[in-house]
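First the structure, in the form of structure tokens, and then the observations on it.
What follows draws every value from the coordinates through simple rules; no lab data is involved. Keep in mind it's a predicted model, so treat the numbers as computed, not measured. Every residue, glycine as well, gets a Cβ built from its backbone with ideal geometry; the counts of neighbours run over all protein chains shown.
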Amino acid sequence: MTKLVLPQRLRHGDTIGLVSPSDPVTGKLHLDELEKGIHFLNNMGFNVELGKNVRSSEPWARAADINDFFVNKKISAIVSTQGGNSAELLLPYIRWDDIAANPKIFVGLSDATVTLNAIAKKTSMAVFHGSDVRYCFGKYPMKEVPSPENYGRQEFLDRLVGGKIGEVRKARPRKTVRGGKAEGRLIGGNLRCLLKIIKTDFCPDFQDAILILEALRITEDQCAAYFSELKSHGVFNQIKGVVVGFVYSMQVEFPDEPQMEDILCEFTDMYGFPILKANDFGHNTPNTVLPLGARVGMDADSKKFTILEPCVK
């Protein structure tokens, strides 16, 4: 197994670069939320530098921000502004050798699932599924959802500044879906977005991995179709276990209908790997910070999810 490359941990006073690895940030509401997210990071003790092209409609320009910040010695970490539906368009423009030569913390979720897993595959660097700036840190205070002021903020600081590993703290109650224990490298993120790279050179190695999955809006039929695609690619033959995160539409809008974890359990009955439902990451919820590429453990019976190795140095 390729050795995990560790980025340098953040320190208070460091500068975080903001990029748009998926859609550009446009419109007054979203720009206002971005400003609130920047203020949130400032209040945590970090300086912030906004990428020159976070509002650009050109994928090559948004990719240029990523490339520039990885080689910029003044930038200590890179955080996504938001998700969207265009992250795969940036991949041809990213300079993978520059990233590999300048390992840094890279954080995002949603459509940044594409970018996170691509970086991990191409460079063997630990990357982080966690709160982005506009959608998470900037939007939460405006919505009647749990605020990141406690859980999300502390997880960001604990993981990326303190380098904390071990058991992942619970944000909300967890559920055993299928019992058992497993260990493996962590991969995954948003289910729909992960499938964008399933047939490409950026697809993660599923062998002996622990897969995390979440979604914003997804129907029962879509969920079944996505799982059918994963099954056709032999994913369920290879992985050791799955942790299902917060799935907004199913849990909030259709709580009495079959949930993602229920559909997954039915789809994978023949494989028998453990499945844990943990509402600690996803959309419209406080997010922990999970190191993709790092070795993790799960105990579905005792509802525990554990980071087993350092993810920053």
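Between Asp201 and Lys3, what's the calculated FRET efficiency when r is the beta-carbon distance and R0 is 25 Å? Round to 0.05. So the FRET efficiency works out to roughly 0.75.
Take every Cα pair under 8 Å whose residues are at least 6 apart in sequence, average their separation, divide by the length of region 166-307, and the relative contact order is 41 percent. Once the Cβ-Cβ distance of Thr219 and Thr176 is raised to the sixth power relative to R0 = 25 Å, the FRET efficiency obtained is 0.50. Residues Met270, Met44, Met125, Met260, ranked from the fewest to the most other C-beta atoms within 10 Å, line up as Met270, Met44, Met125, Met260. Label-to-label distance for Ser124 and Leu89 is 3.4 nm, based on points extended 7 Å past Cα in the beta-carbon direction. Each part reduced to its alpha carbon centroid, region 71-130 and region 248-313 end up 22 Å apart. With R₀ fixed at 41 Å, the C-beta to C-beta distance from Arg11 to Glu58 puts the FRET efficiency at about 0.75. By the rule of a C-alpha distance below 17 Å, with chain neighbours fewer than 8 residues away ignored, the lysines paired with Lys122 are Lys3, Lys104, Lys196, Lys199. Rounded to the nearest 20 debye, the dipole magnitude of region 15-160 is 200 debye, with +1 charges on Lys and Arg beta carbons, -1 on Asp and Glu beta carbons, and the Cα centre as origin. DSSP bridge analysis restricted to the chain gives an antiparallel fraction near 40%, rounded to the nearest 5. Mind checking which of Gly162, Gly189, Thr176 is farthest towards the positive end of region 95-207's charge dipole, using Cβ charges of +1 (Lys, Arg) and -1 (Asp, Glu) about the Cα centre? Result: Thr176, furthest along the dipole toward the positive end.
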